[in-house]
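Here the structure comes first, spelled out in structure tokens, and everything after it is commentary.
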Amino acid sequence: MSVHKEVKQALNINSFIKMKENNDKITCLTAYDYTSAKIIDNAGIDLILVGDSLGMVMNGYNSTIPVTIEEIIYHTKSVKRAVNRAFVVADMPFGSYHADINSALMNAIRLVKETEVPAVKLEGGKEIAPLVEKLVNTGIGVMGHIGLKPQMINTMGGYKIFGKEGAELLLEDAKALEKAGVFSIVLEGVSSKSAEIITNNINVPTIGIGAGAGCSGQILVYHDVFGIFTDFKPKFVKRYANVADVIEKAAKEYINDVKSGAFPDEEHSFK
Ligand code: KIV
């Protein structure tokens, strides 16, 4: 009997526009290391984001602010080594694109050259449209990110949801980003109705996180979705596994076995 492994074609920027046109939902998750990225790539995920959320779930910071471009590069290289099919995007961390267009461009070029990702993600609306245009004209794919922008936590005074009141401004942002050349836009913490309106009024796909079912696709953080990060669980997260519980139980068994002498046994030793 032969085992048939489905080989799917690697995705590119155009795949996502087509998926939106065909009403084929775009599946996205974050990942930060080789092993995790390999698992979700094998599962058939469309897009993997090496997000600056790694600062919270991998490094234990209280926000994404301390994450550096070196950390993003380190994690993105590991993810890239694992992936055959998914489209990999690297987040530009806080401070790496805020000073001026030239330093932002140089940082994006560094990210793309050192990690070989086809695209980067930036938080911001119409105010970053000139930068987006510059990056796209340089040959770097750009994913936008509007609504709740975690890199603005200090000036937003907390994580806020964007309701009906903000919908018009968000739509203006989305249109400006589309005009500047983004291939997709993350909508974070946006009411379902507003997200649907934005999605229906632009051509590029929207990827929701806490933005309801009307987006062209969805993204969640790896450690949230598989129940690995347990410090807190945002309302929009659905846990598909409780891996932290599984590991804790297994770790206790391992500790007991070593203490009692049950491990290593003959099966796991060399004669
Ligand atoms: O950093 C991140 O993981 C993100 C996604 C949650 C959209 O920006």
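The values are calculated or read from the model by the stated rules, or taken from the named source; none is laboratory data. None of the values given here were measured: they were computed from a predicted structure. Glycine gets a Cβ as well: all are built from the backbone with ideal geometry, and neighbour counts include every protein chain shown. Side chains included, ligands, DNA and RNA excluded: accessible areas come from the protein's heavy atoms. Shrake-Rupley method; radii C 1.70, N 1.55, O 1.52, S 1.80 Å.
Given a Förster distance of 35 Å, report the FRET efficiency between residue 114 and residue 267 from their Cβ-Cβ distance, rounded to the nearest 0.05.
For residue 114 and residue 267, the calculated efficiency is 0.20.
Would you work out the charge dipole size for region 5-106 about its Cα centre, treating the Cβ of every Lys and Arg as +1 and the Cβ of every Asp and Glu as -1, and quote it to the nearest 20 debye? Each step should come with its number before you reach the end.
Values: 10 positive and 11 negative charges, 94 e Å.
With Lys and Arg at +1 and Asp and Glu at -1, about 440 debye.
Of 236, 195, 48, which is farthest towards the positive pole of the chain's charge dipole, taken about the Cα centre with +1 and -1 on the beta-carbons of Lys, Arg and Asp, Glu respectively?
Of the options given, the answer is 195.
Given an 8 Å cut-off on Cα distances and at least 6 residues of separation, report the relative contact order of the chain as a percent.
With pairs under 8 Å counted, the relative contact order is 15 percent.
FRET efficiency for residue 253 and residue 38, Cβ-Cβ distance as r, R0 = 41 Å, nearest 0.05?
So, using R0 = 41 Å, E works out to roughly 0.95.
For the chain, what is the charge dipole size about the Cα centre, in debye to the nearest 20, if Lys and Arg each add +1 at the Cβ and Asp and Glu each add -1 at the Cβ? Intermediate values should be presented prior to the final figure.
Details: 29 positive and 32 negative charges, 83 e Å.
Its charge dipole is roughly 400 debye.
So if I place +1 on the C-beta of Lys and Arg and -1 on the C-beta of Asp and Glu, and nothing else carries charge, what would the dipole magnitude of region 81-225 be about its Cα centre? I want it in debye, nearest 20.
240 debye
Can you bin the chain into rounded, prolate or oblate? Criterion: square roots of the alpha carbon gyration tensor eigenvalues sorted a ≥ b ≥ c, rounded for a/c under 1.5, prolate for a/b above b/c, oblate for the rest.
Because a/c hits 1.5 or more and a/b exceeds b/c, the chain counts as prolate.
Can you pull out the chymotrypsin sites (Phe, Trp or Tyr not before Pro) in region 229-266 that DSSP calls coil and that have at most 15 other Cβ atoms within 10 Å?
232, 240
Cα centroid distance between region 136-174 and region 198-271, in Å?
Between the Cα centres of region 136-174 and region 198-271 lies a distance of 27 Å.
Given Cα pairs under 8 Å that are at least 6 residues apart, what percent is the relative contact order of region 133-235?
Taking the mean separation of contacting Cα pairs over the length of region 133-235, I get 23 percent.
Give the accessible surface of region 87-202 per residue, rounded to a whole number of Å², with probe radius 1.4 Å and ligands, DNA and RNA excluded.
Here the residues of region 87-202 average 43 Å² of exposed surface.
Roughly speaking, to the nearest percent, how much of the chain's 1.4 Å accessible area is carbon and sulfur? Walk me through the numbers on the way to the answer.
Working: 7900 of 14500 Å².
Carbon and sulfur: 54 percent of the exposed surface of the chain.
For residue 249, which lysines qualify as cross-link partners when the Cα separation must be under 25 Å and same-chain residues fewer than eight apart are set aside?
Answer for residue 249, where 25 Å is the Cα cut-off: 38, 233, 238, 259, listed by chain and number.
Sorted by accessible area with a 1.4 angstrom probe, largest first, how do 127, 116, 71 fall?
Of 127, 116, 71, the descending order of accessible area is 116, 127, 71.
Would you mind computing, in nm to one decimal, how far apart the modelled labels at residue 246 and residue 17 are, each placed 7 Å from Cα along Cα→Cβ?
3.9 nm
Defining a contact as two alpha carbons under 8 Å apart and six or more residues distant in sequence, what relative contact order in percent does region 17-173 show? Each step should come with its number before you reach the end.
On the way: 236 pairs, mean separation 28.0, N = 157.
Taking the mean separation of contacting Cα pairs over the length of region 17-173, I get 18 percent.
With unit charges on the beta carbon (Lys/Arg positive, Asp/Glu negative), name the residue among 128, 65, 28 whose Cα is farthest towards the positive pole of the charge dipole of region 1-149.
Toward the positive end, the furthest listed residue is 28.
Using alpha carbon centroids, what distance separates region 86-105 and region 25-81, in Å?
15 Å
For residue 175, go through the lysines and keep the ones whose alpha-carbon is under 24 Å away, minus same-chain ones fewer than eight residues off.
Candidates past the 8-residue exclusion: 18, 20, 25, 121, 126, 134, 149, 160, 164, 193.
What ranking of 92, 156 comes out by heavy-atom accessible area, probe 1.4 Å, highest first?
The ranking, largest first, comes out as 156, 92.
Could you order 239, 81 so the one with the most accessible surface comes first? Probe is 1.4 Å.
Sorted by accessible area, descending: 81, 239.
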